[in-house]
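Presented below is the structure to which this report refers.
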Amino acid sequence: MLKLSECVKTAEAADILGASQNTLRKWAEQVKLPMDRNPANGSFLAW
């Protein structure tokens, strides 16, 4: 299980990668990008 300190929010990752949040979500659905969902806070990306 990932720790929150090992993850970034979807918006932060989008800024880093120069892509939209929706693009990151699509990449996660296509298993191109690891993404976990935190039920309390929303989506986080694992890096």
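Read the figures in this text as sums done on the coordinates, not as results from a lab. Just so it is clear, the structure is predicted and the values come from calculations on it, not from any experiment. Every residue, glycine among them, receives a Cβ derived from its backbone with ideal geometry; neighbour counts consider all protein chains shown.
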Quiz item: Over the stretch 4-46, what relative contact order in percent results from Cα pairs under 8 Å that are six or more residues apart?
Solution: 43 percent
Practice problem: Mind checking which of 22, 33, 11 is farthest towards the positive end of the stretch 4-46's charge dipole, using Cβ charges of +1 (Lys, Arg) and -1 (Asp, Glu) about the Cα centre? | Solution: 22
